[in-house]
Amino acid sequence: MADYTSSELLTINAARLLRDGDTVFVGVGLPNLACNLARRTHAPNLQVIGAQPMRLPLSIGDPTLVSGALSVCSMYDIFAFYLQRGNVDVGFMGGAQIDRFGNVNATVIGDYAHPKVRLPGSGGSMEIAAWANRCYLLTPHTRRRFPEKLDFRTSAGFLGGRAEREAARLRGGGMLAVVTDLGLLEPDETGELVLTALHPGVTADQACENTGWDLKVAPNLRTTPPPDPEELRILRQDLDPQGIYLKGSA
Amino acid sequence: MSKVIPLDEAVRQLVRDGDVVYAAGFTHLIPFAAGHEIIRQKKRDLVLARATPDLVYDQMVAASCARKVIFSYMGNPGVGSLRIVRTEIEAGRLEWEEYSHFGMISRLQAGATGLPFMPMNPTAAGDLERINPNYRTVKDPYSGGDVVVVPALCPDVAIVHVQRADAEGNAHIWGIIGEQKEAAFAADRVIVTAEEIVDAAIIRSDPNRTLIPGFIVDAVCQVPYCAHPSYTQGYYDRDNSFYLKWDEISSKGEATASYLDEWVYGVKDRAEYWEKLGSEVHQRLKVESRLSVPVDYGKY
């Protein structure tokens, strides 16, 4: 049995996607922990837009995000000067459904006008998906999360394929990795998310069975290095000592 | 001329049934006390606009004040679902209109600057634009490319909470600024609630911090702790445990009704509400001081 939770596994694999010097647009929760983990390991010069707190915030608007920050700006400024102008390297997305081309639904399950489940809606995700250079998404790997067809397309991945996104001339690079508790999905040359890596002890069949579309497996399928003791120590001792985000399954 | 009046008086004079109301503040400085006063005065058929409706609109919808909500992210921040707004929408009892954050804020930006609409680069996602006819795509007359536009939003009344204002409504805000300036300039009528009413000399000592000029303000109300359970930077902390507790309260109609009875209808004003919260909460939400270094404007 692995001696780490699936939340820790997601966070550590997300941190490894970040590069030193990246400017990251991030909210709270696991992506926030991933940024802070990356800063303490391989990316000390990571710039965080949104949240780089001294204590673990519950909300994206927590006062701890302000005291000691380099800059605070209005909502219009964040979206116009930072995101639309092209000053964001990495955006973390959230959502209830993601399809094979990395499009995301964060709006509604069922019919829009007569919703079965009303979700929170876009927030900033429509613009992050379009304009951040690289987008990542962390999610449990289930058929419900990875349906054949979205109920609503809140934000753009590769739309109907890479060519369609290119034709739309969006400045951002689109959904470049989906980190799940089973492995990593990354887009192939057509923009379709394929299984490129498995976490230790997971089989490709497990990943395929838990995907709502016919998931392709990359020929050079990798195994992710297991969480190392130092990564786990930083997460457990320094970043989330009460286990608010990391205790459970993702 | 002083515009200082009690909050109940300001709500009576400036908030009317059927109004489009914008209570500003992105998680920070949310004017809960004004929301509660609107509930006590039984205002009806309001159109409640906010990028993030937050608990304050959940409570106002629970109290039957609203006909419609306009929003861009309808959740309990950091906790999950905004249960009452969500339930009412799912049941078909509440109208709604939605945008992305940028679309919502661009609408206010247009309203605040006197423009008919605001352009944004396309995001290609498509579905929000399909279901909300306020999103239009037009040609950029210079490049011939597409831009997405949204119409100005001009609320009937904006409510903005600030750290300090003078008696005319010149207001200093620091910490997370959401859309307070845009909402105030876009609205027809503006209510400023303030932790402190200060002498104009204090405002003049740091004019770069004035986000809202007094001449667009109609009423100034001194309301300490107005923002609880949200917060006021430097004055008191966010009550995260109440945000978690609301998730439970709002999951049952009875619990919601008894909350409103006890904490809204059952108190006269914010001072009584704060007193009722008790010393444990007061202690927990206290913040230690962390002063900025003064800047030198120079004497000229």
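Considering only A:L182, A:Q84, A:V66, and ranking their Cα positions along the charge dipole of segment A:6-239 that arises from unit charges at the beta-carbon of Lys, Arg, Asp and Glu, the one farthest toward the positive end is A:V66. A simple spin-label model places the labels of B:L244 and A:Q237 2.5 nm from each other, with each point 7 Å out along Cα-to-Cβ.
For segment B:175-241, a simple Cβ point-charge model (Lys and Arg +1, Asp and Glu -1, everything else neutral) yields a dipole of about 120 debye relative to the Cα centre. Fully extending the segment from B:A271 to B:N134 would add 45.2 nm, taking 0.36 nm per residue of separation and subtracting the current Cα-Cα distance. For chain A, the share of alpha carbon pairs falling in successive 5 Å distance bins from zero is 1, 6, 13, 18, 20, 18, 14, 7, 3, 0 percent.
Take every Cα pair under 8 Å whose residues are at least 6 apart in sequence, average their separation, divide by the length of segment B:90-234, and the relative contact order is 23 percent. Within the set B:K3/B:K181; B:K3/B:K286; B:K68/B:K268, which residue pairs have Cα atoms separated by over 25 Å? In this structure, B:K3/B:K286; B:K68/B:K268 lie more than 25 Å apart at Cα. Neighbouring Cβ atoms from other chains, within 10 Å of the Cβ of residues in A:208-214, number 0 on average. Over the protein assembly as shown, all Cα pairs binned in 10 Å intervals from 0 give whole-percent P(r) values of 4, 18, 28, 26, 17, 6, 1, 0, listed from short to long. For B:Y99, nonlocal amide neighbours, meaning residues 5 or more places apart or on other chains whose placed amide H falls under 5 Å from its own, are B:F71, B:S72. Each principal axis of the Cα cloud of segment B:225-300 was evaluated for its coordinate range; sorted largest first, these ranges are 62, 25, 23 Å. Two numbers describe the Cα atoms of chain B: Rg and Dmax, which are 19.5, 63 Å. Restriction of the GluC sites (Glu not before Pro) in segment B:204-300 to DSSP coil positions whose beta-carbon has at most 16 other beta-carbons within 10 angstrom yields B:E288.
Each reported figure results from applying straightforward, stated rules to the coordinates on display, with no laboratory input. Nothing here was measured: the structure is a model prediction, and the numbers come from that model. When we count neighbours, we look across all protein chains shown, and the Cβ atoms used for this are built from the backbone with ideal geometry, even at glycine.
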